[in-house]
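Step one of this worksheet: look at the structure below.
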Amino acid sequence: MSRTVAFIGLGHMGGPMAANLVEAGHRVLGHDLVPAALNAAAGAGVEAEASAASAVAGAEMVVSMLPAGRHVLGLYDDILAAARPGTLFVDCSTIDVADARTAHERAGAAGMRALDAPVSGGVVGAEAATLTFMAGGGEDAFAEARPLLEAMGRKVVHCGGPGAGQAAKICNNMILGVSMIAVSEAFVLGESLGLSHQALYDVASTASGQCWALSVNCPVPGPVPASPANRDYRPGFAASLMAKDLGLAANALREGGVRAELGLRAAELYADYAERVGATEDFSGIVRTIRDQNGEQK
Ligand code: NAD
């Protein structure tokens, strides 16, 4: 069924996601603060709206894809009054679990329905419509959003009530951040012991050390030809995005009083690393920092 969707935030992720909704036959009313982003989306068939409020006023559903929680809450404050009662608000941004729950509350208080539905799969997944969506919210909201999410992604999981999608996202990425550091430390230890990268890979990738950070995104060049290490660590998944997601995990750990020493330490290490390389390096490039720090200590 064709729907009229407002899409707010047409950046690296939102632009191609909105284009895939158009491709699937939906009418998309788009808005972004940056004119170049709005123009690019218009080129893909999105109807450019001068404000978020005007986009939302004519829509049955609202999708947002913004940088952080403060942008999402600011947007909701601006547009909830402009939407038709009962409109479904689907936020696909990666934000704090606490902010996501606040967004649900504000939408509910204004007579709207809401779903948090962050994604994994990056810009490549956004362009190819192969994203994974992790959704939090009521059964009805999920059932209504599902066909739209399936037009933008390959896998859609209902993780639970409000905030559960964001919770799944940061827990998954905490595993990823910690495991990338563990794999990188193992390669650096192997180097100091005279073990070749290929030998460690051949053993660990088929033994109990196996994980995505090793067997798909291998942080040293050679064993996995498609991994970013083979192209001087061009992303891939940028260090700055890993640092952001681990920061959200660290916030949730502190707020919940949960002790998780490796998760907190990974957040610190990635914050330092991303401060130096920003979005220019894949997060697997942290192996070079670990190697360099060892060189300095010798
Ligand atoms: P981006 O900066 O490219 O896009 C965000 C867009 O939102 C920008 O174009 C900006 O102008 C616009 N914007 C901000 N405030 C606005 C407002 N009030 N109204 C209208 N437009 C507004 O960022 P991105 O890479 O597309 O990421 C978006 C979200 O997706 C982030 O939360 C990020 O963590 C998450 N994410 C990104 C990736 C990735 O690989 N880039 C992967 C998974 C998740």
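The values are calculated or read from the model by the stated rules, or taken from the named source; none is laboratory data. Please read these numbers as outputs of a predicted model, since none were measured by experiment. Heads up, the Cβs are rebuilt from the backbone with ideal geometry, glycines too, and the neighbour counts pull from every protein chain shown. Each accessible area value is taken on the protein alone, full model and side chains, heavy atoms only, with ligands, DNA and RNA left out. Shrake-Rupley method; radii C 1.70, N 1.55, O 1.52, S 1.80 Å.
Any residue in segment 158-173 that is of a type in the set (Val, Ile, Thr) and not in a helix (DSSP H, G or I)?
Kept after step one, since they are of a type in the set (Val, Ile, Thr), are these residues of segment 158-173: 170.
With the extra rule that they be not in a helix (DSSP H, G or I), the set shrinks to none.
The answer is no; no qualifying residue exists.
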Checking the conditions here, which among Leu200, Leu214, Leu262 is away from the ligand (no atom under 16 Å from the Cβ), open to solvent by 80 Å² or more (accessible area, probe 1.4 Å) and of a type in the set (A, V, I, L, M, F, W, C)? Leu262
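For the structure I just gave you, tell me whether Val224 is away from the ligand (no atom under 16 Å from the Cβ), closer than 27 Å to Arg70 by Cβ, surrounded by fewer than 22 Cβ atoms within 10 Å (Cβ to Cβ) and of a type in the set (A, V, I, L, M).
On the way: away from the ligand (no atom under 16 Å from the Cβ): yes; closer than 27 Å to Arg70 by Cβ: no; surrounded by fewer than 22 Cβ atoms within 10 Å (Cβ to Cβ): yes; of a type in the set (A, V, I, L, M): yes.
No, not satisfied.
Among the residues of segment 19-43, what is the count of those that are within 11 Å of the ligand (Cβ to nearest atom) and open to solvent by less than 40 Å² (accessible area, probe 1.4 Å)?
Of all residues in segment 19-43, those within 11 Å of the ligand (Cβ to nearest atom) come to 30-38, 40-41.
From the residues that got through so far, the ones that are open to solvent by less than 40 Å² (accessible area, probe 1.4 Å) too are 30-32, 37-38, 41.
Qualifying residue count, segment 19-43: 6.
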Does segment 233-251 contain any residue that is assigned by TED's automatic domain parsing to the domain that holds Ser196, under 21 Å from the mean Cα position of the chain (by Cα), away from the ligand (no atom under 16 Å from the Cβ) and farther than 22 Å from Phe187 by Cβ? no
Within segment 80-100, can one find any residue that is away from the ligand (no atom under 13 Å from the Cβ) and touching an Asp or Glu at 6+ places or on another chain (Cβ under 6 Å)? yes
Among (1) of a type in the set (A, V, I, L, M, F, W, C); (2) surrounded by fewer than 16 Cβ atoms within 10 Å (Cβ to Cβ); (3) more than 13 Å from the ligand (Cβ to nearest atom), Ala50 falls short only on (3)
Could you grab the pairs with beta carbons closer than 6 Å, sequence gap of 6+ or different chains, first residue in segment 121-142 and more than 10 Å from the ligand (Cβ to nearest atom) and of a type in the set (S, T, N, Q), second one assigned to a helix (DSSP H, G or I) and open to solvent by less than 10 Å² (accessible area, probe 1.4 Å)? none
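Of all residues in segment 2-18 being more than 19 Å from Phe89 (Cβ to Cβ) and either of a type outside the set (Gly, Ala, Ser) or within 9 Å of the ligand (Cβ to nearest atom) (or both), which is most open to solvent (accessible area, probe 1.4 Å)?
Going residue by residue through segment 2-18, those that are more than 19 Å from Phe89 (Cβ to Cβ) are 2, 12, 15-16.
With the extra rule that they be either of a type outside the set (Gly, Ala, Ser) or within 9 Å of the ligand (Cβ to nearest atom) (or both), the set shrinks to 12, 15-16.
Details: His12: 151, Gly15: 14, Pro16: 27 Å².
Top of the filtered list is His12.
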Among what's in segment 54-72 and is more than 10 Å from the ligand (Cβ to nearest atom) and aliphatic (A, V, I, L, M), pick the residue that is most open to solvent (accessible area, probe 1.4 Å). Ala57
Only one of these conditions is not met by Ile286: (1) within 16 Å of the ligand (Cβ to nearest atom); (2) in contact (Cβ under 8 Å) with a residue 40 or more places away in the chain. Which number is it? (1)
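In segment 143-154, which residue that is open to solvent by 30 Å² or more (accessible area, probe 1.4 Å) and in contact (Cβ under 8 Å) with a residue 24 or more places away in the chain is nearest to the chain's Cα centre (by Cα)? I'd like the intermediate steps shown before the answer.
Taking segment 143-154 as the starting set, the residues that turn out to be open to solvent by 30 Å² or more (accessible area, probe 1.4 Å) are 143-144, 146-147, 150, 154.
Right, trim to in contact (Cβ under 8 Å) with a residue 24 or more places away in the chain and you get 144, 147, 154.
On the way: Glu144: 22, Pro147: 20, Arg154: 15 Å.
Checked segment 143-154; the qualifying residue nearest to the chain's Cα centre (by Cα) is Arg154.
Within segment 134-144, can you find the residues that are assigned to a helix (DSSP H, G or I), of a type in the set (A, V, I, L, M) and closer than 19 Å to Ala167 by Cα?
Start the filter on segment 134-144 by keeping residues that are assigned to a helix (DSSP H, G or I), which leaves 139-144.
Right, trim to of a type in the set (A, V, I, L, M) and you get 141, 143.
Correct list: Ala141 only.
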Could you run through segment 24-68 and say how many residues are more than 22 Å from Val123 (Cα to Cα) and in contact with a Gly (Cβ under 8 Å, 6 or more places away or on another chain)? 2
